[in-house]
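Trainee: The structure that follows is given in the form of structure tokens.
Coordinate-derived values only; no laboratory data. Owing to the predicted nature of the structure, the values given are computational and were not obtained by experimental measurement. Reconstructed Cβ throughout: ideal geometry from the backbone, glycine too, with neighbour counts over all protein chains shown.
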Amino acid sequence: MQQVSFEEIYEELFPAVYRFTYLRIPSSEIEDVTSEIMAKIWKYVSSFEGRSSLKSWALRIASNYIADFYRGRKEVRIIALSEELQIPHGNLDYSEEFSTVESVNYTLKQLSEPQAAVIQLRLIEGFSSNETASMLGITQQAVDSLLYRAKKNFRTIYKTEMAGGEC
């Protein structure tokens, strides 16, 4: 890899690493964990071989770091998407959109960590099955299977939530 500065790496990768971390780490620790992941990325960037995109490689490091973070802890939780969401003051009514975000957030929290991760990487971040497999340390077939089950579970939970029932 050609010589790049820390600032270039930070500008390119920080937003993706932060989003990836935001859904997996308690809000009180997001800043510290993201900073530690970025430091680890910088430390190992010289060993990046280019077999995947730099973003994919960095999120693999983030995934491993988060797994280490939770190793030994009993609870892994998805952080609420609405923690930073503020309804703007004004004449526009965003209640329906806010309700949808809340329902999606509730549904994601009901999924297992691997299912939430595969939905985020494949459907939100737009990575391929192969890239997602590399980041999660599983096969491409396992990603496809996991995504199928995650979408099925998401649909079931979401429909129950929209019908007003408790899961």
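Trainee: Can you spot the lysines whose alpha carbon is less than 19 Å from Lys151's alpha carbon? Ignore those fewer than 8 places along the same chain.
Mentor: In chain and number order, the partners are Lys109, Lys159.
Trainee: Explain nothing, just the number: dipole magnitude of the stretch 1-69 about its Cα centre with +1 on each Lys and Arg Cβ and -1 on each Asp and Glu Cβ, in debye rounded to the nearest 20. It would help to have the intermediate numbers written out before the result.
Mentor: On the way: 7 positive and 10 negative charges, 68 e Å.
Charge dipole, the stretch 1-69, about its Cα centre: 320 debye, nearest 20.
Trainee: Lys and Arg at +1, Asp and Glu at -1: add these up for the other residues within a Cβ distance under 11 Å of Val118 and post the number. Don't skip to the answer; put the middle values down first.
Mentor: On the way: positive: Arg122, Arg149, Lys151; negative: Glu113, Glu125, Asp144.
Local charge sum for Val118: 0.
Trainee: With the contact rule set at Cα under 8 Å and sequence spacing of 6 or more, what percent relative contact order holds for the stretch 1-77? List each step's numbers first, then the result.
Mentor: Numbers: 44 pairs, mean separation 30.8, N = 77.
Contact order relative to length: 40 percent.
Trainee: Provide Leu111, Leu123 in ascending order of the number of other Cβ atoms located within 10 Å of each residue's Cβ, fewest first. Each step should come with its number before you reach the end.
Mentor: Working: Leu111 19, Leu123 13.
Neighbour counts put them in this order, fewest first: Leu123, Leu111.
Trainee: Counting Lys and Arg as +1 and Asp and Glu as -1, what is the net charge of the other residues whose Cβ lies under 13 Å from the Cβ of Ala142?
Mentor: +1
Trainee: Taking the Cα centre of the stretch 1-77 as the origin and placing charges on Cβ (Lys, Arg +1; Asp, Glu -1), which of Thr21, Asn64, Val45 is farthest toward the positive end of the dipole?
Mentor: Among Thr21, Asn64, Val45, the one farthest towards the positive end of the dipole of the stretch 1-77 is Asn64.
Trainee: Once both labels are modelled 7 Å past Cα along the beta-carbon direction, what's the Tyr70-Glu31 spacing in nm?
Mentor: Inter-label distance under the simple model: 2.4 nm.
Trainee: Let me ask something else about it. Which lysines, if any, have their Cα less than 26 Å from the Cα of Lys43, not counting same-chain residues under 8 positions apart?
Mentor: Lys55
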